[in-house]
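**Student:** First the structure, which I've put down as structure tokens, then a few questions once you've had a look.
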Amino acid sequence: MSILVLGIGNLIMTDDGVGVRVVQRLMDGYRFPGGVTVMDGGTLGLDLLPYLDGVERLLLVDAVETGGPPGTVVRLAGEEIPVAFRTKLSPHQMGLQDLLAVAEFQGSRPAEMVLWGVQPESVELGMELTPAVAAQTDHLVEKVLAELAAWGVTPEPAG
């Protein structure tokens with residue numbers, strides 16, 4: 001089973017960087033078994049296409065427009081994911097929507113996809129997450145670990 005955990009976002013645009021911050025915490029805090037890749041996808045968009053090759057399950061973490069108050073956490077799966085990125089918060093999300101479309105066209109779209117997202121408060125220039133989103137990073141780490149556990153993956157704590 002090939003699994004890719006992909007954090008998406010721009011670290012210099014406040015809450016847009018939440019996905020990257022979550023995967024950085026996962027990479028720093030855990031050792032993952034073979035077949036599981038945890039990656040900072042940043043704003044790479046279509047440049048991520050080679051990383052999807054052979055991936056059966058894709059777990060994304062990103063800021064996403066939920067329609068709720070800042071800090072609202074949401075889980076989306078399958079076809080809900082491309083729909084969520086029709087309302088773009090930042091340019092990388094167009095790249096992500098394109099990435100999934102091209103992967104499907106080439107036959108390399110993962111069979112199972114899950115997105116854990118959080119409603120941003122701000123996507124302005126800045127290095128820090130807003131308090132509402134920062135308060136959800138531990139929760140998002142836990143949700144990603146629980147999703148992986150449901151897929152039969154239990155990483156070991158680092159250290």
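**Student:** Give me the residue from the stretch 111-132 that is touching a Lys or Arg at 6+ places or on another chain (Cβ under 9 Å) and not small (Gly, Ala, Ser) and, out of that set, surrounded by the fewest Cβ atoms within 10 Å (Cβ to Cβ).
**Tutor:** Glu112
**Student:** Spot the failing condition for Phe105; the list is (1) closer than 16 Å to Val133 by Cβ; (2) part of a helix (DSSP H, G or I), and only one is missed.
**Tutor:** (1)
**Student:** Met27 is checked against (1) under 16 Å from Lys143 (Cβ atoms); (2) in contact with an Asp or Glu (Cβ under 8 Å, 6 or more places away or on another chain); (3) at pLDDT 95 or above and fails just one. What number does that condition carry?
**Tutor:** If we test Met27 against (1) under 16 Å from Lys143 (Cβ atoms); (2) in contact with an Asp or Glu (Cβ under 8 Å, 6 or more places away or on another chain); (3) at pLDDT 95 or above, just (1) comes out false.
**Student:** For the stretch 108-145, what are the residues that are among the hydroxyl-bearing types (Ser, Thr, Tyr) and in a loop (DSSP other than H, G, I, E, B)?
**Tutor:** If the condition is that a residue be among the hydroxyl-bearing types (Ser, Thr, Tyr) and in a loop (DSSP other than H, G, I, E, B), then Ser108, Ser122, Thr130 are the ones that fit.
**Student:** Moving to a separate point now. Based on what the data block shows, is Gly67 surrounded by fewer than 19 Cβ atoms within 10 Å (Cβ to Cβ), at pLDDT below 90, out of contact with any helix residue (DSSP H, G or I) (no Cβ under 7 Å at 6 or more places or on another chain) and under 18 Å from Met1 (Cα atoms)?
**Tutor:** Answer is no for this residue.
**Student:** If you go through the stretch 146-159 one residue at a time, how many are surrounded by fewer than 17 Cβ atoms within 10 Å (Cβ to Cβ) and either assigned to a helix (DSSP H, G or I) or β-branched (Val, Ile, Thr) (or both)?
**Tutor:** 4
**Student:** Just to be sure I understand the filter: pairs with C-beta atoms under 6 Å, separated by 6 or more residues or on different chains, first member in the stretch 57-77 and over 10 Å from Leu115 (Cα atoms), second member of a type in the set (D, E, K, R) and in a loop (DSSP other than H, G, I, E, B). Which pairs pass?
**Tutor:** Pro70/Glu121
The values are calculated or read from the model by the stated rules, or taken from the named source; none is laboratory data. Note that the coordinates shown come from a computational prediction; the quantities given were computed from them, not determined experimentally. In this analysis, Cβ positions are derived from the backbone assuming ideal geometry, glycine residues included, and neighbour counts consider all displayed protein chains.
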